[in-house]
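> Structure incoming, see below.
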Amino acid sequence: MGELAAQLSTYRRLVGARIRADWQYRTSFVLFLLSQTLVAGFDFAVIVVIFTNVDALAGWSGPEVALLFGISGVGFALGDLFISQVERVSFHIKQGTFDQFLIRPVPTLLQISAHDFALRRVGRLVQPTIVLAVSLVLVDVEWGAPQVILVGLTLVSGALIFGAIWVITSSIAFWTVETQEIANSFTYGGGTLSAYPIDVLGSWLRRIVTFVVPLASVAFLPAAWLLDQPMPFGLPRAAGWSGPLVAVALVALARLQWRNALRHHRGTGS
């Protein structure tokens, strides 16, 4: 625990230095923050346009889909803020600067996450947080302690799931160098996909996002439990609580994958 506390303290100091550096360019900071907020707004505008033409999407009403968007969006935005910097590992490998992280007495993943930390990415968190707060009021849910706990666990689990996927896909760069497009298809693409009911997808793709790349556990399964919607593939109602278990499993897998990638790394010699 003492070592963990020391690492977190180091992370806090590195992130603080990065924030102070970014804040030296206040206009750039504010403009980027606004652009991130607008991008998230455009994503929700698509849902609004859809529901100007239909009353339900695969049996889900407008407020219910908004709930999916909010849960998925908050989880994705938190993962994007704290861990998405790992996708820059391919740049450091190509430039030969990754070796700098290896010679410091701080975990490499923590260093990369702090090195390229950008507080302005918090703009992605604004829109889904607002949508989530409003949708929680509008949906027909009888709120109690289990419902409140599930929402909280789901938001944390979603961030961990997306973060783990970022690490797993980005670590492929140690073998292939170029992996950003692959990572984006699972992270940014997964963020978009998990904002909608998976019932709109084909059967094979629904199986993939439920059992292979478990994006359904980010928002769909918990929301189905909250809203008393049917579970896919005859899964039990308890599947709505699968988020924390999936998050723990993916984080463990990401940790193993990252360690394996580090063992495979060969420096440029420069």
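The values are calculated or read from the model by the stated rules, or taken from the named source; none is laboratory data. No experiment lies behind these values; they were computed from the predicted model shown. All Cβ positions, glycine included, derive from the backbone under ideal geometry; neighbour counts span all protein chains shown. Accessible surface is based on the protein model in full, side chains and every heavy atom, while ligands, DNA and RNA are left aside. Shrake-Rupley method; radii C 1.70, N 1.55, O 1.52, S 1.80 Å.
> For the stretch 1-27, how many residues are closer than 30 Å to Ala195 by Cα and either modelled with pLDDT under 80 or open to solvent by 100 Å² or more (accessible area, probe 1.4 Å) (or both)?
Of the residues in the stretch 1-27, 0 are closer than 30 Å to Ala195 by Cα and either modelled with pLDDT under 80 or open to solvent by 100 Å² or more (accessible area, probe 1.4 Å) (or both).
> List the number of the failed condition for Gly62; all other conditions in (1) touching a residue at least 40 places away in the same chain (Cβ under 8 Å); (2) closer than 18 Å to Leu136 by Cα hold.
(1)
> Another question, if that's okay. Go through the stretch 101-145 and give me each residue that's part of a helix (DSSP H, G or I), open to solvent by less than 40 Å² (accessible area, probe 1.4 Å) and among the β-branched types (Val, Ile, Thr).
Residues satisfying the conditions are Thr108, Ile112, Val131.
> Follow-up question, since we're still on this one. Being at pLDDT below 90, surrounded by 20 or more Cβ atoms within 10 Å (Cβ to Cβ) and more than 14 Å from the chain's Cα centre (by Cα), is that true of even one residue in the stretch 173-184?
Yes.
> Among the residues of the stretch 249-258 satisfying the criterion of being surrounded by 13 or more Cβ atoms within 10 Å (Cβ to Cβ) and out of contact with any Leu (no Cβ under 8 Å at 6 or more places or on another chain), which is farthest from Glu87 (Cα to Cα)?
Among residues in the stretch 249-258 that are surrounded by 13 or more Cβ atoms within 10 Å (Cβ to Cβ) and out of contact with any Leu (no Cβ under 8 Å at 6 or more places or on another chain), the one farthest from Glu87 (Cα to Cα) is Ala249.
> Next question, about the same structure. Condition first: closer than 20 Å to Asp43 by Cα and of a type in the set (Ser, Thr, Tyr). Now tell me which residues in the stretch 116-165 satisfy that.
Scanning the stretch 116-165 gives Thr129, Ser135.
> Could you say which residue among Asp43, Asp55 is closer than 22 Å to Phe220 by Cα, open to solvent by 60 Å² or more (accessible area, probe 1.4 Å) and in a helix (DSSP H, G or I)?
Working: Asp55 fails: in a helix (DSSP H, G or I).
Only one candidate qualifies: Asp43.
Here's the yes/no breakdown for (1) at pLDDT below 90; (2) hydroxyl-bearing (Ser, Thr, Tyr):
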| position | (1), (2) |
| --- | --- |
| Val54 | yes, no |
| Ala66 | no, no |
| Gly79 | no, no |
| Pro105 | yes, no |
| Ser113 | yes, yes |
| Ala118 | yes, no |
| Trp143 | no, no |
| Gly152 | no, no |
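> Let me ask something else. For the stretch 189-197, state whether one or more residues are open to solvent by 10 Å² or more (accessible area, probe 1.4 Å), touching a residue at least 60 places away in the same chain (Cβ under 8 Å) and in a helix (DSSP H, G or I).
Yes, there is a match, as at least one residue in the stretch 189-197 is open to solvent by 10 Å² or more (accessible area, probe 1.4 Å), touching a residue at least 60 places away in the same chain (Cβ under 8 Å) and in a helix (DSSP H, G or I).
> From the list Leu201, Leu215, which residue is open to solvent by 20 Å² or more (accessible area, probe 1.4 Å) and modelled with pLDDT under 95?
None of the others qualify; the one that does is Leu201.
> Suppose we keep only residues that are among the hydrophobic types (A, V, I, L, M, F, W, C) and surrounded by fewer than 16 Cβ atoms within 10 Å (Cβ to Cβ) within the stretch 226-248. Which one would you say is nearest to Leu109 (Cα to Cα)?
Val248
> Inspect the stretch 146-169 for any residue being in a helix (DSSP H, G or I), touching a residue at least 24 places away in the same chain (Cβ under 8 Å), open to solvent by 20 Å² or more (accessible area, probe 1.4 Å) and under 19 Å from Asn260 (Cβ atoms) and give the result as yes or no.
Yes.
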